[in-house]
Each structure stands twice: as C-alpha cells, then as structure tokens.
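**Student:** Pasting a structure here, questions to come.
Throughout, read-outs are computed from the coordinates displayed, never taken from laboratory work. Keep in mind the model is a prediction, meaning the values are calculated, not measured. Cβ sites come from the backbone with ideal geometry, for glycine too, and all protein chains shown count toward neighbours.
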Amino acid sequence: MMGRSLVDLWHGFGVALLPGNLMWSFFGVLIGNLIGVLPGLGPISAISMLLPLTYALHPIPAILMLAGIFYGAQYGGAIGAILLNLPCHPPHAVTCLDGYPLTQQGRSGTALGITMLCSFFAASVGIIVMIIASPLLVAISFRFGPPEIFSIMLLGLLAGATMSRGSPLKGVAMVVVGLLLGVAGTDVLTGTQRFTFGITDLDDGVELVALALGLFGVAEFLRSVNRMDQIAKPVRMRMRDMRPSRAELRQAFPAMLRGTGIGVLFGAIPGTGPTITTFLAYALEHKLARHPERFGHGAIEGVAAPEAASHSKTQVDFIPTMSLGIPGDPVMALILGALMIQGIQPGPQLITEHADLFWGLIASFWIGNALLMVLNVPLIGVWVKLLQVPYRFLYPSAVFFIAVGVYSTQNNLFEVWEVLAFGLAGAVFVALDFPVAPILLGFVLGPLVEDNFRRALLLSGGNMAVFLQHPISAGFIGASALLVAARLFFWVRGLRRGTPDAMTALLPEVPPG
Amino acid sequence: MHRINRKDFLGGGLMLLLGLGAAFQASHYEFGTLRRMGPGYFPLALGLILALTGLAILLGSLRGAAAVAAARLAPEWRGWICICAGVASFAVIGRWGGLLPATFASVFLAALGDRKNTPVAAGVLAAVMTLVCLVVFWWLLKIELPLFRWG
C-alpha cells in the first residue's frame, strides 16, 4: 500500500508543480503570511476573506491556494507573537511566553529562525504520517455507513466542544448553536424552509464566510477596539540574525521532536483544537526541563515545542478532514466548506476519485513549506515593518475588506447584514465567556450530522440501538461517553475544591477561539 | 451564601431562551417519526438540548462557582457603535450609493471608533482605502457592485 502511495505522491508533485498550480500556491502563502502578520487577523480571517476569490478557480488551484494561505498565516502569526507579544491566533499565545522574552534579549532572530526550522521539520513529519496513514484510513472508512459517520461526527463535535478552556457545558452549547445555524435554510429532503423567518435570502442557508468573518473578524474588533496596547518598538532584523547557533540548535532539537510527536497524536483525534495542542507541548517541555525556571524568560524549547506541535498537527489534521469529512478545528471546517462549495464531497472516495487533488495537496504542502522558508528570509524586514502598522488604521481597513469580501460571496448585500449580526452575537458570546470556535465546527458538520442521523434511522427502521449494534459506531459512541465523563469528572472535582480544573489550570489566559 | 456567577447566569439564561425559541419554531415543521424523520425532528431535538444545557449552566451559576475574579472592562460604546455603523453603512450606502461611497463611509465610520483617530486621519485612511478598492476590487477583480448609483 505504501508503494502505491509513493507513486501517487510522485504524481502529486507533478500536479503541484504545474506552473498554474504552483503560482496559486505561492500567491496563497505570500498573502496568508502577509495577513497573518497583521495584528488581530489569523488564519480564519485570512481564509474567509480570500475564499470568494477561489470560487472562480478550478478546485485544485483553489484548494492549493487555501492551504497556502493557511500555513502562511499560521507562520505569520508566530512572527507577531515573538516580536510584539501579540497572539494574533490563539495557538500562538503560548509562543509569546518565551518568544517575546527572547526578543527583549535581542535574540528575536534566533527565535524566528528556530520557529521556521521547527515548522518545516514538523510539517515534513506530518506529511510523512499523512502518506502512511491516509490509505489505511481509507481502507477502514470504506466500511463506514451512516451510523458510523454519525457516531464519529458526534465524537468530533464533543471533543471540539469540551477540549477547550473553561466550562465544557458552554462548549456544548456553542456546538449546538452551530448545528442549529447549519439547519437554517431549505431542507433538502422535503423542501421545507426552516428558520428563514420569511427572508428569501436565507433560503440557501447561512453563508459560511459571513459566519466565520462575523465570529472571528467583526467580533474580534469589537472586543479589542481601544483595548489593544501595541508596543510598536522598532525591531532591527537582518537575515543572518536568523541563523541559530549550534548550541541553540542542540537545545531546541529534542523539544522540536517532542512537540512534533504531540502534534501528530492530536492531529489524529478529531475535534482537538490547535490551542490545546500547543499548550500541552509547552507544558510537557516545562515538566521535562532540568531548569524549569528558565521558562518564561526566553527558553528556546518554549518556542520550539509549541510551534512544532502546531505545524505537525496542522498537517495531520488534513487526514480526517479529507478522508472522513470531519474537520479537526475551525480552520479545517472552513477548508471543508470550501471543498463542498467546489462540489467535492470529502470522504473516503475523495482520495480515490480525486487522487490528483489529494496527492497534489500533500505535495504542495511540502513545496509550500519550502516556499515559506525561502520567502521569509528576505521578507522578514517587510513583515517587521507591517507589524508596526497601528491598530487604529488596521481594523477600519479590515472592516472594509470583510464587508466587500462577504458581499462578493453571493454578490448580495444581505451578507453584509449577516456578518454584522454574527459579529454582534459573537461579541456577546465572548463577553459571557463562551468559546466561539465550536460554532463553526457545528455549522459545517450540522447538515452532514442530520443527514446521516436520518439515514441511519431510516435503514434501521427507527431503531436507535443501531448506533450501538455496529461495532465501529459503538466504539465511537463509547469514546464519546468516556470523553464526556472524564471531562465532567475533572470539572466537577475542580469546582468542589474551588480550584480551576486540570485543563483550565494548564491553559493560561488566551483570547477565545 | 454564594455569590452568583453573573456571566454564567446571563449566558445560561441566553442559551435557555435560544433553545426554547428554536424548539418552538421547529415545532411548526413536520415532526415525522423516528423511522421517517420530518424536517422538524432534528432542530426540535437540538433546541431542547440547547435549552437543557442552558438550564444546567444557569443552575451552576446559582451555586456560585469559584468566580475567577477577572478585571471587568469598561464598556467601549464609541468603538462598538462606530464599528457596527461602519459595517452597516457598507450595506446601506452600497445599496443606494454604490461601491465607492460605501467604501469611504465604512472605513471612515469604523476608524472614528478608535480614540486616537481624528476625523482628518479617518478621512485620509478612508480615501486611501477607496483608492485601493477602486484598483483591486473594481479594476482587477471586477466586482459586480457599480461604482456609483443613485437610488
């Protein structure tokens, strides 16, 4: 099976290196990197703003570009975290802890260089895991019927809801809100208009881009306007500063390996967000370190491990997204949505029917990550300049980009009202300490969950036990029950003792998402 | 006596209301049977789950969860109103005035939300973004919204 994969991958390189595809991939990495560097804008905003642009493209260049935007923005976010202590994207919050002290010591170049090495290494490992694991997963997932798909989605949704900071109940509530939003529109089976309240613009359902940009764009501006302290200290940066010394490399290497391992492990579990992964990687380094007191004062390992974890998770996350149609986090949910807009249904048949797309995507990861390295060495000076754009100029411009971006999804100004409504709702949820990321997860999976739930019960003649009679499905249901029980146990125990529970204690204060 | 966790109280209440509202609305659609589910089945179930979750959050807040004393931020009305007005103005002016006025208005209004921005600075920023819009969205991307229109 491996041999087959390697042949397919070789073919994939051929696809990814076609001049047209390569150009879009490069464009995606560049734009993603540019947007990711800007304070307050992460991969979700970057992807959703540029999503309408891909409607005009063929599926392959479109998805290559979106993936490029994604890892470009992810890397760009690390630059902001290290140089300015600004976590533009929650997973980078932990990178700030040691990255910024390194900058204060004048070693920002080293930190960025290590980040770059780690991201390339971790992504490469992630890609190798993808090559080995996806054919296996496909072989298994061909035996998936509606009950199995429903159960694994349930597991993914529950993991997405409960594996975040704070009350698991709030996460569950947000997932259900997302599922309900996914229901809105015309019911496929009966043609009934659900939750449209007579507004014909809602017949096709809620617009994914409007929801994402409302929750992660407008809501974020509402939260941080006049509250963002920007320390615009001019940072001098030269290319040769970015080369870490041999001693620093030796220090970072084991941390990078461990971080990569954690990322691979968590990437394979659907629903576990990137933030929790990076925090666990950091916590592990802290535990294992001979001198844990160095952490928080510029320990190289504290930058290397979380960055490696987030990048390897990113790659591995594509496996459940593409082969099962189950996104691991909101960004994957967006990419899944983009695939569906292109008329490509993710699932086990994707890898066989759209082999050029799947393997082209894998090959383009490698090429894209190499491009990222090549791009960032000469452009780091430009990014540093961009970082100093004051927030008071940045967010009004972003408001315009969001408005024009959602308009162009359907050429309909109604979408602008939608983005405003979701922005306000998102700001209220965030103010009440609800995590908003599960909404997006629930929204994308909602229609699939309902469809498979209906079909499973139709096939079983209305017998609910069908989910437990199929062994694979029963396994997922069992895992879901275990997850909920364990999470509730730790949470209640934490409440009793009056201390934050283990998960909360692990996670320092981060922006929601 | 425990202190009520205010955020959880309000949040739980909000979820309870949202859930009940969704369930009520879904009860108008055909329910069907477990074997042949109508369009109302799934949303009704979701609405009830949401309401129950909201109730649980609400009850939890009455028990006075260990309230992590977070610094309460002062409301930021100026920023909030200006950003919302900026987004809304794009929709309104885009409908009645066209792309360029809508762009200018949305950036200008949103920029006024920041206390450090003067009207002049906001105007300059809005003018620059209008130019960007003209080149990128109208000239390069051929957006369908006309540059100007009357009524």
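**Student:** Using only alpha carbon pairs under 8 Å that are at least six residues apart, calculate the relative contact order of region B:77-140 and give it in whole percent.
**Tutor:** Value for region B:77-140: 33 percent.
**Student:** Given the rule -39500 (n - 2.57) for each run of at least 4 DSSP H residues, summed and divided by the residues of chain B, what is its mean residue ellipticity at 222 nm, to the nearest 500 deg cm²/dmol?
**Tutor:** Value at 222 nm, helices only, nearest 500: -20500 deg cm²/dmol.
**Student:** In which sequence would A:Ser473, A:Ser480 go, from the one with the fewest C-beta neighbours within 10 Å to the one with the most?
**Tutor:** Final ranking by Cβ density, sparse to dense: A:Ser480, A:Ser473.
**Student:** Here's something else I'd like to know. Share of Cα-Cα pairs in chain B beyond 19 Å, in percent?
**Tutor:** 71 percent
**Student:** Hey, how many Å between the Cα centroid of region A:124-184 and the Cα centroid of region A:56-84?
**Tutor:** One Cα centre to the other: 22 Å.
**Student:** Residue by residue through region A:181-192, which ³J(HN,Hα) values in whole Hz follow from phi under the Karplus form 6.51 cos²θ - 1.76 cosθ + 1.60 (θ = phi - 60°), with glycine and proline marked x?
**Tutor:** Karplus-based 3J(HN,Hα) across region A:181-192 equals 5, x, 6, 4, x, 7, 5, 5, 7, 10, x, 6 Hz.
**Student:** Can you give me the long-range amide H partners of A:Ala268? Hydrogens built in the peptide plane at 1.01 Å from N, cutoff under 5 Å, separation of 5 or more residues or another chain.
**Tutor:** When sequence neighbours closer than 5 places are left aside, there are no close amide H contacts.
**Student:** Picking from A:Phe150, A:Gly205, A:Val303, whose Cα lies most toward the positive end of the charge dipole for the protein assembly as shown (charges on Cβ: Lys, Arg +1; Asp, Glu -1)?
**Tutor:** My answer, from the dipole projection, is A:Val303.
**Student:** Then there is this: Report the extension gain between A:Asp451 and A:Arg290 in nm, rounded to one decimal, defined as 0.36 nm multiplied by the number of residues separating them, less their alpha carbon distance.
**Tutor:** Between A:Asp451 and A:Arg290, full extension yields an extra 52.7 nm.
**Student:** Follow-up question, since we're still on this one. Once you place label points 7 Å from the Cα toward the Cβ at A:Arg4 and B:Val136, how far apart are they in nm?
**Tutor:** 4.5 nm
**Student:** Nearest 10 degrees is fine. How inclined is helix B:6-26 to the longest principal axis of chain B, computing both from alpha carbons?
**Tutor:** Approximately 90 degrees, to the nearest ten.
**Student:** Moving to a separate point now. Once both axes come from the Cα atoms, what is the angle between helix A:2-16 and the longest principal axis of chain A, in degrees from 0 to 90, rounded to 10?
**Tutor:** Orientation of helix A:2-16: about 70 degrees from the principal axis.
**Student:** Run the helix sum for chain A: -39,500 (n - 2.57) per DSSP H stretch of 4+ residues, divided by residue count, reported at 222 nm to the nearest 500 deg cm²/dmol.
**Tutor:** -24000 deg cm²/dmol
**Student:** Around A:Arg194, which amide H atoms from residues at least 5 apart in sequence, or from another chain, sit under 5 Å from its own amide H, with H modelled in the peptide plane?
**Tutor:** Residues meeting the criterion, in which the H sits 1.01 Å from N, are A:Gly185, A:Thr186, A:Asp187.
**Student:** Figure the gain on full extension for A:Leu18 and A:Ala370 (residue separation times 0.36 nm, minus the Cα-Cα span) and round it to one decimal in nm.
**Tutor:** Stretched fully, the A:Leu18-A:Ala370 segment lengthens by 125.1 nm.
**Student:** Okay, next question. Taking the 0 to 90 degree range and rounding to the nearest ten, how far is the long axis of helix A:330-341 tilted relative to the main principal axis of chain A, both from C-alpha atoms?
**Tutor:** Result, in degrees: 50.
**Student:** What is the Cα centroid distance between region B:1-63 and region A:399-466, reported in whole angstrom?
**Tutor:** About 17 Å separates the Cα centre of region B:1-63 from the one of region A:399-466.
**Student:** Quote the FRET efficiency, to the nearest 0.05, computed for A:Ile132 versus A:Leu189 with a Förster distance R0 of 35 Å and r equal to the Cβ-Cβ distance.
**Tutor:** Step by step, r from the Cβ atoms, then E = 0.35.
**Student:** Let me ask something else about it. Multiply the residue separation of A:Asp356 and A:Val382 by 0.36 nm, subtract the distance between their alpha-carbon atoms, and state the gained length in nm to one decimal.
**Tutor:** Going from the current span to full extension adds 5.8 nm.
**Student:** Under a no-solvent Debye model with one identical scatterer per Cα of region A:107-195, what's log10 I(q)/I(0) at q = 0.24 Å⁻¹?
**Tutor:** For the requested q values the scattering log ratios are -1.07.
**Student:** Of A:His92, A:His297, A:His286, A:His291, how do they rank once you tally other Cβ atoms within 10 Å and put the fewest first?
**Tutor:** Placing the least packed residue first, the sequence is A:His291, A:His297, A:His286, A:His92.
**Student:** Taking H placed 1.01 Å from N in the peptide plane, check which residues at least 5 places from A:Gln345 or on another chain put their amide H under 5 Å from its amide H.
**Tutor:** Here nothing satisfies the definition.
**Student:** Turning to a different aspect of this structure: Let me have the relative contact order for chain A, percent, based on Cα pairs under 8 Å that are six or more residues apart.
**Tutor:** Relative contact order here is 27 percent.
**Student:** So, one more: How large is the direction-averaged shadow of the alpha-carbon convex hull of the protein assembly as shown, in nm²?
**Tutor:** 28.9 nm²
**Student:** Continuing with this model, one more query. With label points built 7 Å along Cα→Cβ from the Cα atoms of A:His297 and B:Arg6, find their separation and express it in nm.
**Tutor:** Output for this residue pair reads 3.9 nm.
**Student:** Can I ask one more? Among B:Leu131, B:Leu34, B:Leu140, which one shows the highest mean-square fluctuation when chain B is modelled as a Gaussian network with alpha-carbon springs under 10 Å?
**Tutor:** B:Leu34
**Student:** Something else now. By counting other Cβ atoms within 10 Å of each Cβ, how are A:His354, A:His58 ranked from fewest to most?
**Tutor:** Listing A:His354, A:His58 from fewest to most nearby Cβ atoms yields A:His58, A:His354.
**Student:** Further question: Between B:Trp96 and B:His28, what's the calculated FRET efficiency when r is the beta-carbon distance and R0 is 35 Å? Round to 0.05.
**Tutor:** Once rounded, the FRET efficiency stands at 0.50.
**Student:** What's the magnitude of the charge dipole for the protein assembly as shown around its Cα centre, counting Lys and Arg as +1 and Asp and Glu as -1 at the beta-carbon? Answer in Debye, nearest 20.
**Tutor:** It works out to roughly 1660 debye.
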